Each structure stands twice: as C-alpha cells, then as structure tokens.
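Chemist: What follows is a structure written as structure tokens; I'll ask about it next.
Values in this text are rule-based calculations from the coordinates and carry no lab data. Since the structure is predicted, the reported quantities are computational estimates derived from the model, not experimental observations. Every residue, glycine as well, gets a Cβ built from its backbone with ideal geometry; the counts of neighbours run over all protein chains shown.
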Amino acid sequence: MEKFDLAIVGASLAGNYLCYLLSNTDLKIAVIEEHKAIGLPFQCAGIVSQKLSRLVNLPNEIILNRVKTAKIIGPTGVYIKLSGNEKPYIIDRIAFDCFFFNKTKIHENVIYFLGEKFKKFEYKKDNHQKHILIETSKRKIKVRMLIGCDGPSSSIASLLGIKNKKLFATQIRIKARFNEDEAVMVFDKRWKELFGWIVPEGQQIYRIGIACSKNIANNFRIFLNKFDIDFQQKISQQGGLIPYGLMNRLSFDNIFLLGDSACQVKASTGGGIIMLLIAAKYAANCIKKCFAYDKFSKKTIQKYYENPCRSIVGRELKIHYLIRSILERFTTDNFYKLFQIIKSTKIENKISFYGDMDFPKALLFKLLKVPSVLSFFFKLILKNPKFIIRILKILMH
Ligand SMILES: Cc1cc2nc3c(=O)[nH]c(=O)nc-3n(C[C@H](O)[C@H](O)[C@H](O)COP(=O)(O)OP(=O)(O)OC[C@H]3O[C@@H](n4cnc5c(N)ncnc54)[C@H](O)[C@@H]3O)c2cc1C
C-alpha cells in the first residue's frame, strides 16, 4: 500500500494544471492516468478566447493561429460575422497538456502513474481520521484527498452517484480552402444541442467537426456535404464526449470534481478550457486550506472550492445553459430575424463571439440594451410561455 497526501485521477488539462498549481507545496501527490501518453487521444477544436493568456503564461509555440471573426451561419445559410476587439487563440492542445505535465513531473513530490486505470475507492477510518483507499489497475493507494479530473465519463462522479449528460462529438483535420482568419459555426436543427465548426489551425489545415446528442455519423456526413468536403481526404479523425448541462455537485467528504467531470463546460459553445482553468485556481487554494487546517469534510471543501466556484464559474455556466436552451428551440425564422436585427443595428463588429461568450452575462445586457433585440426576445417569450418556466428552473437550480 502506497501513501500519498492526495491523488488526482486524470492527467489531461484539469489534472495537469491542478497538479502544476500544487507542485511547489510539500504535498505528496499521485496522478493516475489511464493513457500512456499525455494529451492523447487528441479531442479538441482548440479554440480559446484571449483570456487564456491572462490566466496562464502561454508559451508562443502552443499558439498555432488566431482568428479575427466568428462567422455564424443559420439553418438557411444566412449568416452574421461577429468581430469585436478580441482574437481568440487556436492552440496545439496536445502541447498545452504536455506543457503543464513537463513543468510538474520534475518535482519529487509528484508521481505520475501513466497507463494505469482508476477503478474504485472506499473510505477508511484510521486513528479517527477519514482516509481514502484507491484501487487502480496496478496498485492500492491511501490518500487524504481524491480529486476527480477524469473527464466527461468520470468514474469518480459516477461512484458518487452523479451522472453527466453528454453530447457526442466528431472532428477531422483536413487541408482545405476556407478563410484562415475566421472560425465558422453552423446551426442546424439536426445538431441543435451545439453546432458544426470549422476552425483554421493554420497552414491551410482546418479542424471540422460537430457535436450533437444523436445520429452523429449521419449528421457529420450532411455537414461535410454542405461544404463540399471529402471525408476521405482527412489527415486524421478525432471523437469525444462533451458534458452537457449545468455544473454538478462538486464537493464530497475528502473528494471533489474538477473540469469536465464536474460539467464545468459552457453549454453554448462546448468550451471547457477557460472554465476549468479558473476553477482549478479555487481547487488548488482549497486543497492547501484543507491540509493547513487538517479538515477534509464536504463542508470545508464547499467553503473553499464549491462556493467560490459557483459564484464565479457556476453563475456564468447557468447563463450559457439558458442561451443553449433558447437556441435549441429557435426556429429557422427566429435565426433569420435575429440575424437581420444584429446586421441592421450594426452591432456585428462590437461583439466578439469567443471573448464575450466566456462571461455572457455582460454580453446579454449589452444586447438587451438594443431596443430591437429586447423586443425580439420579448415577443419570443410571449409566443413560447414555456420559456419562462424553463428560464426560472435554470436560474433557481
Ligand atoms: C471534439 C471536442 C472539441 C472541443 N473543443 C473545445 C474548444 O475548442 N475549446 C474549449 O475550450 N474546449 C473544447 N472542448 C472541451 C475541452 O476539450 C474539455 O473541456 C477539456 O478537455 C476538459 O479537460 P479535463 O481535464 O477536465 O477532461 P479530459 O480532457 O476529458 O481528461 C480526462 C482525463 O482523465 C483520464 N481518465 C478518465 N478516466 C480515467 C480512469 N478511470 N483512470 C485513469 N484516468 C482516467 C482520461 O484518459 C483523460 O486523460 C472540446 C471537446 C471535444 C470532445
């Protein structure tokens, strides 16, 4: 039986970044990752707002491209182009995960167990202290704290009785001729739970994908046909899951969840990177506090992790979910009318899709100040009284 202060399950972005934030403490940390190589399999479109460089020291080699415009195409092909003063990054996601891993693995207090699957845990009492006994595919580990950074299909979340709703996502990388300064989002009833995307990686390579709740293969074929893309010409193909819904319960005695396992993902875009990086800072602070005060109860974890997370990240995630719930019910005509209003009021170049969409509350207020936008949403709600119940349910969650 090996003893550590804490175990982190999952060495993707959430696990590696959290570990990096704790690597200068004297905590003995075990990181358990089922894959042998960090960052693989690659499962990301890699588009992240400029906030990324305010949250972490971003090395240049991780940035592959930057885009100026978000082209949003509605179901009939009508589109708007949003271009505020923000240029989101297109990142090398594998290199980004490895960046924190390489900085962390050199610390003697951190041990990575790669190619090793977390299987289960149980609580144990020892000298009146609650411990956690972890079983992996290769060993047993005893810790005071367990952190679930094990992604959308988190085993830790499911052992704690939490079920994430998930969307299926698929993506190819392919040489093509689109605009290298533009990210494209395509809305369609068939993939209403998110959208289809075309993200320019640079060097004329594009990441093209969709996410939805069903018929992913067929929908992807339809999406590729819309843009005359020959699937056979792909350089590579990726698949993955995107958690969908509101942020989960985060805290339990001696345990908490971070990143996709906690559903810290923007339901309007499927993006999780910014949210998990913010949440990881609260997570690291909470772990330091738990060990400093020798308190590991759910109440302590709620105080130092869940509550600040809910008031910053959780509140915005609710608004993302609200936007998503409305978009899912949008008719072709609704898209058309809203796009016409945005074009006619000339706010297209004042909104930055990726920048403003991290914290959409401010964007919503900005939009609702425009009388024609306010009147559009007012009429929409009057026509669909069920929206009010839905909105109230989300806000009261
Ligand atoms: C197709 C696609 C495109 C995306 N595009 C974007 C984007 O453009 N911008 C953006 O911000 N976000 C995007 N996302 C979301 C983003 O990738 C995630 O939010 C982010 O990767 C979450 O990181 P994580 O560390 O929480 O979880 P994950 O990256 O899912 O990592 C979980 C880790 O846990 C490991 N693991 C799981 N179970 C076990 C176990 N039992 N034992 C040991 N190890 C285990 C896994 O192997 C994995 O390494 C996209 C997601 C997908 C699927």
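Chemist: Any idea what diffusion coefficient the stretch 179-295 gets from Stokes-Einstein, in µm²/s, Kirkwood Rh on alpha carbon pairs, 25 °C, 0.890 mPa s? Let's see the in-between values first.
Modeler: Numbers: Rh = 16.8 Å.
Diffusion coefficient, whole number: 146 µm²/s.
Chemist: Another question, if that's okay. Between Thr345 and Arg390, 0.36 nm times their residue separation minus their Cα-Cα distance comes to what? Don't jump to the answer; show the numbers that get you there.
Modeler: Working: separation 45, 0.36 × 45 = 16.20 nm, distance 2.87 nm.
Length gained, Thr345 through Arg390: 13.3 nm.
Chemist: What are the ³J(HN,Hα) values, in whole Hz, obtained from phi via the Karplus relation 6.51 cos²θ - 1.76 cosθ + 1.60 with θ = phi - 60°, for each residue of the stretch 62-71 in sequence order, with x given for Gly and Pro?
Modeler: 7, 8, 8, 6, 9, 10, 9, 10, 10, 9
Chemist: Another question, then. In Å, what is the Rg of the alpha-carbon atoms in the stretch 321-396, and how long is Dmax?
Modeler: When restricted to the Cα atoms of the stretch 321-396, Rg and Dmax are 12.6, 35 Å.
Chemist: Oh, and also: Quick one: 3J(HN,Hα) in Hz for the stretch 87-102, Karplus 6.51/-1.76/1.60 with θ = phi - 60°, rounded, Gly and Pro as x.
Modeler: 3J(HN,Hα) across the stretch 87-102, in whole Hz: 10, x, 8, 10, 10, 7, 5, 5, 5, 5, 4, 5, 4, 6, 4, 5.
Chemist: With all distinct Cα pairs included, what does the Kirkwood hydrodynamic radius of the stretch 56-99 come out to in Å, to one decimal, could you say?
Modeler: After inverting the pairwise mean of 1/r, the radius is 12.4 Å.
Chemist: Binning at 10 angstrom from zero up to the longest distance, how are the C-alpha pair distances of the chain distributed in percent?
Modeler: 5, 22, 31, 24, 13, 4, 0
Chemist: Okay, moving on. Where both residues lie in the chain, what percent of DSSP beta bridges are antiparallel, nearest 5? List each step's numbers first, then the result.
Modeler: Working: 49 of 72 bridges.
Percent antiparallel among DSSP bridges in the chain is about 70.
Chemist: If r is the Cβ-Cβ distance from Lys369 to Lys226 and R0 is 51 Å, what FRET efficiency results, to the nearest 0.05?
Modeler: 0.90
Chemist: Past the 24 angstrom mark, what percentage of all C-alpha to C-alpha distances in the stretch 16-108 do you count?
Modeler: Value for the stretch 16-108: 38 percent of Cα pairs lie more than 24 Å apart.
Chemist: Next up: Would you mind calculating the gained length between Lys3 and Asp333 on full extension (0.36 nm times residue separation, minus the Cα-Cα distance), in nm to one decimal?
Modeler: Gain on stretching Lys3 to Asp333: 112.7 nm.
Chemist: Another one. Give the long-range amide H neighbours of Leu167: residues separated by 5 or more places, or on another chain, with amide H under 5 Å away, using H modelled in the peptide plane at 1.01 Å from N.
Modeler: Answer set, sorted by chain and number: Ile242, Tyr244.
Chemist: With respect to the cross-link table entries Lys81/Lys379; Lys81/Lys386; Lys28/Lys51; Lys87/Lys281, which display a Cα-Cα separation exceeding 28 Å?
Modeler: Pairs exceeding the cut-off: Lys81/Lys386; Lys28/Lys51.
Chemist: Could you let me know the centre-to-centre spacing of the stretch 141-207 and the stretch 311-346, using Cα atoms, in angstrom?
Modeler: 20
Chemist: Using the scaling law 2.2 N^0.38 Å as the reference, what is the normalised Cα Rg of the stretch 105-236?
Modeler: 1.53
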